[in-house]
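A.B. asks: Okay, here's the structure, questions in a sec.
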Amino acid sequence: MAVSTDRDPKGFVRPSSIAESIHERIYERIMSLEIPPGARIPIDGLARELNVSQTPVREALTRLEREGLVRKAHLIGYSASPQLTRKEFDDLYKFRLLLEPESARQACLKLTPDTLARIESAAADMEKGGPPVDRNSRYSRFARADAHFHDEILRVADNEFVRQALNDQHIHLHIFRLMFHSRVTQEALEEHDRLLSAFRRADADSAYEAMKEHIERSRDRLAAAFE
Ligand SMILES: [Zn+2]
């Protein structure tokens, strides 16, 4: 990510950017299930494999633990979090449906040209997402970009309790980890476009409906992961 720009005047990569890139690499492996749910993640082995000291690996794992993607157990160490259960998945989508369509309506009522531009740029980020290094990194970046797009809408809706409640669940990371599928990304983009078009028309009821439909379809696409 910021690796190439995050250098000191002598051109050495700063430790923070090493930590960032190590985080990114472990994140991608977890999202793509290359590190399967429940698998142990030994710090020393991973550090050797990535050819770095244990410090950035530890830092990355601490951050991934906050994101809910890894767990730490006493005497055992880190392991990849288990996948959502069917019940957790259903509950998560009910939770989203309670909050996100109404937030889209509120956002639509409060939009200014500036905030609309921010939401549009978050949507555009999802379509480019940088050079497709490989399928894994494209997909895991998409998960982040989708989270960012939804969060921009919540910011405009301007209810910090709602925004925090949704962010605390790291929903996008968990649902994208369920399934590794290009159809998921293409269809989601089309649904985002319908939402954007409601925002541009300042049509709050359509924004509500477009968000509701997006979340319901996302649920139905990903429910296949349990079959
Ligand atoms: Zn979305």
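The values are calculated or read from the model by the stated rules, or taken from the named source; none is laboratory data. Because the structure is predicted, anything quoted here is derived from the model rather than measured. All Cβ positions, even for glycine, are placed from backbone atoms using ideal geometry, and neighbour counts span all protein chains on display. The area values use the complete protein model at the heavy-atom level, side chains included, leaving out ligands, DNA and RNA. Shrake-Rupley method; radii C 1.70, N 1.55, O 1.52, S 1.80 Å.
A.B. asks: When you look at A210, is it within 11 Å of the ligand (Cβ to nearest atom) and either assigned to a helix (DSSP H, G or I) or in contact with a strand residue (DSSP E or B) (Cβ under 7 Å, 6 or more places away or on another chain) (or both), yes or no?
C.D. replies: On the way: within 11 Å of the ligand (Cβ to nearest atom): yes; either assigned to a helix (DSSP H, G or I) or in contact with a strand residue (DSSP E or B) (Cβ under 7 Å, 6 or more places away or on another chain) (or both): yes.
Judged against the criteria, A210 is a match.
A.B. asks: Taking the condition assigned to a loop (DSSP other than H, G, I, E, B) and either within 28 Å of R29 (Cβ to Cβ) or in contact with a helix residue (DSSP H, G or I) (Cβ under 7 Å, 6 or more places away or on another chain) (or both), does A224 pass? Don't jump to the end; show me each part of the working.
C.D. replies: On the way: assigned to a loop (DSSP other than H, G, I, E, B): no; either within 28 Å of R29 (Cβ to Cβ) or in contact with a helix residue (DSSP H, G or I) (Cβ under 7 Å, 6 or more places away or on another chain) (or both): yes.
Answer is no for this residue.
A.B. asks: For S121, work out the one condition from (1) open to solvent by less than 40 Å² (accessible area, probe 1.4 Å); (2) without any contact (Cβ under 8 Å) to a residue 12 or more places away in the chain it doesn't fulfil.
C.D. replies: (1)
A.B. asks: Now for a different question. Confirm whether R163 is open to solvent by 30 Å² or more (accessible area, probe 1.4 Å), out of contact with any Pro (no Cβ under 7 Å at 6 or more places or on another chain) and away from the ligand (no atom under 16 Å from the Cβ). Before you say what the answer is, go through the steps one by one.
C.D. replies: On the way: open to solvent by 30 Å² or more (accessible area, probe 1.4 Å): yes; out of contact with any Pro (no Cβ under 7 Å at 6 or more places or on another chain): yes; away from the ligand (no atom under 16 Å from the Cβ): no.
Taking the combined requirement at face value, the residue does not satisfy it.
A.B. asks: Looking at Q106, Q54, can you tell me which residue is in contact (Cβ under 8 Å) with a residue 12 or more places away in the chain and not hydroxyl-bearing (S, T, Y)?
C.D. replies: Numbers: Q54 fails: in contact (Cβ under 8 Å) with a residue 12 or more places away in the chain.
One residue alone meets the criteria, Q106.
A.B. asks: Name the pairs whose Cβ atoms lie under 6 Å apart, with the first residue in the range 208-227 and open to solvent by 50 Å² or more (accessible area, probe 1.4 Å), the second within 15 Å of the ligand (Cβ to nearest atom), and 6 or more positions between them or separate chains?
C.D. replies: As it stands, the answer is Y208/P101; Y208/A104; K212/P101; R219/Y93, since those pairs meet every condition given.
A.B. asks: Out of the residues in the range 166-192 that are part of a loop (DSSP other than H, G, I, E, B) and closer than 15 Å to R217 by Cβ, state the one that is least open to solvent (accessible area, probe 1.4 Å).
C.D. replies: Start the filter on the range 166-192 by keeping residues that are part of a loop (DSSP other than H, G, I, E, B), which leaves 168-170, 179-181.
Right, trim to closer than 15 Å to R217 by Cβ and you get 179, 181.
Working: M179: 33, H181: 79 Å².
Looking at residues that are part of a loop (DSSP other than H, G, I, E, B) and closer than 15 Å to R217 by Cβ, I get M179.
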